[in-house]
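Take a look at the structure set out below.
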Amino acid sequence: MAAEKWVYMVTAQTPTNIAVIKYWGKRDEVRILPVNDSISVTLDPDHLCTVTTVAVSPSFDRDRMWLNGKEISLSGSRYQNCLREIRSRGGDVEDKEKGVKIEKKDWERLNLHIASHNNFPTAAGLASSAAGFACLVFSLAKLMNVEEDPSQLSAIARQGSGSACRSLFGGFVKWKMGSKDDGSDSVAVQLADEKHWDDLVIIIAVVSSRQKETSSTSGMRESVETSLLLQHRAKEVVPKRIVQMEEAIKNRDFASFTQLSCTDSNQFHAVCLDTSPPIFYMNDTSHRIISLVEKWNRSEGTPQVAYTFDAGPNAVLIARNRKVAVQLLQGLLYYFPPKSDTDMKSYVVGDNSILKEAGLDGENSVENLQPPPEIRDNIGSQDQKGEVSYFICTRPGRGPVVLPDQTQALLDPETGLPK
Ligand code: DP6
């Protein structure tokens with residue numbers, strides 16, 4: 001390879017995901033191997049995603065990465081493991097027009113530039129590491145002409161962050177824990193694509209929190225070390241739930257889907273309480289949202305909305321269809337109205353066309369909302385403005401894609417530096 005000055009790059013977009021049967025606990029901390037299977041729904045990347053541009057050039061003197069515009073260190077073992085694994089699988093690449101010719105063996109010594117951006121605030125406590133590591137691995141696989149299928153790539157993304165392996169697919173995804181010590185069978189597989197159950201509407205309440213949360217990584221380590229409930233959950237409870245959840249998804253059985261999602265979320269938070277010292281991820285607002293949904297589901301006779309909470313206070317609410325989502329949003333906005341200086345379009349983001357359907361796009365529309373009759377007076381009054389920072393409306397979405405439009409690249413095609 002001559003000392004040319006070309007920059008060769010690829011840009012990709014990867015979704016985030018929300019687990020409905022949770023991953024909590026590792027049996028191998030380095031390879032990131034879980035103590036149980038988990039199942040997730042991929043969220044529509046139009047509303048929540050990571051975009052990553054990866055570039056290679058003989059002129060780069062070291063690997064570098066920028067996250068949301070700021071340079072970050074790649075020295076951590078999770079980044080190093082992902083980079084090593086993907087480099088070892090690189091293939092030959094040729095782009096005659098650009099004068100690019102890379103041979104398989106060159107990937108070991110060529111340096112990379114990586115720029116990554118989340119289309120949602122990292123501080124919101126939404127699973128940014130899942131989309132981030134999935135996007136890193138997916139975009140590098142495309143750049144390096146890696147022939148591995150998405151499941152094999154998921155085993156690499158898993159070594160960046162466990163939940164990232166599920167973001168290699170759209171729709172409904174299972175992460176099989178596997179049994180091999182080297183982790184080669186701990187991979188994600190798609191259960192159904194995003195069109196399989198496209199009635200579902202997902203509303204995320206980003207709950208305000210002053211508290212610095214325990215990270216998932218250290219929280220689950222402490223649970224593995226101290227919680228007996230975690231052992232019981234991993235051995236006895238989750239294996240049965242996984243079978244039932246797969247069946248519920250296959251049959252689009254919303255009642256079972258809701259029952260399993262809610263009880264699994266609650267058991268995960270019970271494991272956190274059973275950890276010593278206990279970990280509190282949900283707060284009063286999270287509990288109020290659970291009450292609202294539970295009361296509504298009970299009053300309807302059949303479940304209308306499922307809830308699930310990750311390692312933080314944000315509620316992820318899954319409505320059985322658009323009509324229910326409209327009613328849900330009305331109820332949520334009644335109990336959790338925006339502060340007076342917040343406009344509706346920035347309070348309900350993502351697919352905010354739902355606002356119009358809910359009759360909430362006009363002035364004073366929130367003030368005119370009536371309390372949902374079935375749950376009136378049951379979950380406290382609407383006096384606490386600002387408990388919810390904002391809502392994101394979304395739906396099950398597609399898996400990773402390459403963005404061929406060069407204008408979406410985050411690195412300059414001449415210099416390989418952030419634009
Ligand atoms: C509660 O994947 O963030 O969101 O593997 O240590 O990076 P690491 O943890 P992470 O844990 C996610 C935990 C969870 C449940 C889930 O997504 O299944």
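I want to confirm something. Restricting to the stretch 161-176 and keeping residues that are more than 8 Å from the ligand (Cβ to nearest atom) and surrounded by fewer than 24 Cβ atoms within 10 Å (Cβ to Cβ), which single residue is farthest from Ser77 (Cα to Cα)?
Checking each candidate, the answer is Gly171.
Just to be sure, is Arg158 within 14 Å of the ligand (Cβ to nearest atom) and more than 18 Å from Arg84 (Cα to Cα)?
Judged against the criteria, Arg158 is not a match.
Given (1) over 17 Å from the mean Cα position of the chain (by Cα); (2) crowded, with 21+ Cβ neighbours inside 10 Å, identify the lone condition not met by Gln152.
Gln152 satisfies every listed condition except (2).
Select from the stretch 172-217 the residues that are in contact with a strand residue (DSSP E or B) (Cβ under 7 Å, 6 or more places away or on another chain), of a type in the set (D, E, K, R) and closer than 27 Å to Ala234 by Cα and list them in ascending order.
Result: Lys174, Lys176.
List the strands (runs of 3 or more DSSP E) inside the stretch 1-117, counting only whole elements, that have at least 2 residues being more than 22 Å from the chain's Cα centre (by Cα) and away from the ligand (no atom under 16 Å from the Cβ).
Hits in the stretch 1-117: 8-15, 49-57, 93-95, 100-102.
Which of the residues belonging to the stretch 161-210 are closer than 22 Å to Lys250 by Cα and without any contact (Cβ under 8 Å) to a residue 12 or more places away in the chain?
Scanning the stretch 161-210 gives no hits.
Please go through the stretch 49-69 and give me each residue that is in contact (Cβ under 8 Å) with a residue 60 or more places away in the chain, more than 15 Å from Phe133 (Cβ to Cβ) and in contact with a helix residue (DSSP H, G or I) (Cβ under 9 Å, 6 or more places away or on another chain), ordered by number. I'd like the intermediate steps shown before the answer.
Just the residues of the stretch 49-69 that are in contact (Cβ under 8 Å) with a residue 60 or more places away in the chain, to begin with: 49-57, 59-60, 66-67, 69.
Adding the requirement that they be more than 15 Å from Phe133 (Cβ to Cβ) leaves 53, 55-57, 59-60, 66, 69.
Within the stretch 49-69, Thr53, Ala55, Val56 meet the criteria.
For the stretch 100-131, what are the residues that are among the small types (Gly, Ala, Ser), out of contact with any Lys or Arg (no Cβ under 9 Å at 6 or more places or on another chain) and at pLDDT 95 or above?
Ser116 - this is the single residue of the stretch 100-131 that is among the small types (Gly, Ala, Ser), out of contact with any Lys or Arg (no Cβ under 9 Å at 6 or more places or on another chain) and at pLDDT 95 or above.
As an exercise: evaluate Glu213 against (1) touching a Ser or Thr at 6+ places or on another chain (Cβ under 9 Å); (2) within 14 Å of the ligand (Cβ to nearest atom); (3) under 30 Å from Tyr334 (Cα atoms) and give the number of the one condition it does not meet.
Going through (1) touching a Ser or Thr at 6+ places or on another chain (Cβ under 9 Å); (2) within 14 Å of the ligand (Cβ to nearest atom); (3) under 30 Å from Tyr334 (Cα atoms) one by one, Glu213 breaks only (1).
Pick from the stretch 177-218 the residues that are within 15 Å of Ser128 (Cα to Cα) and within 14 Å of the chain's Cα centre (by Cα): which of them is surrounded by the fewest Cβ atoms within 10 Å (Cβ to Cβ)?
Of everything passing the filter in the stretch 177-218, Ser216 is surrounded by the fewest Cβ atoms within 10 Å (Cβ to Cβ).
Find the residue count for the stretch 217-243, including only residues that are under 22 Å from Phe280 (Cβ atoms) and of a type in the set (Asp, Glu). Break it down into steps so the answer makes sense when it comes.
Applying the first criterion (under 22 Å from Phe280 (Cβ atoms)) to the stretch 217-243 yields 217-234, 237.
Filter again for of a type in the set (Asp, Glu), leaving 222, 225.
Within the stretch 217-243, residues that are under 22 Å from Phe280 (Cβ atoms) and of a type in the set (Asp, Glu) number 2.
The values are calculated or read from the model by the stated rules, or taken from the named source; none is laboratory data. Note that this is a predicted model, so its numbers are computed, not measured. Ideal geometry is used to build each Cβ from the backbone, glycine not excepted, and the neighbour counts take in all protein chains shown.
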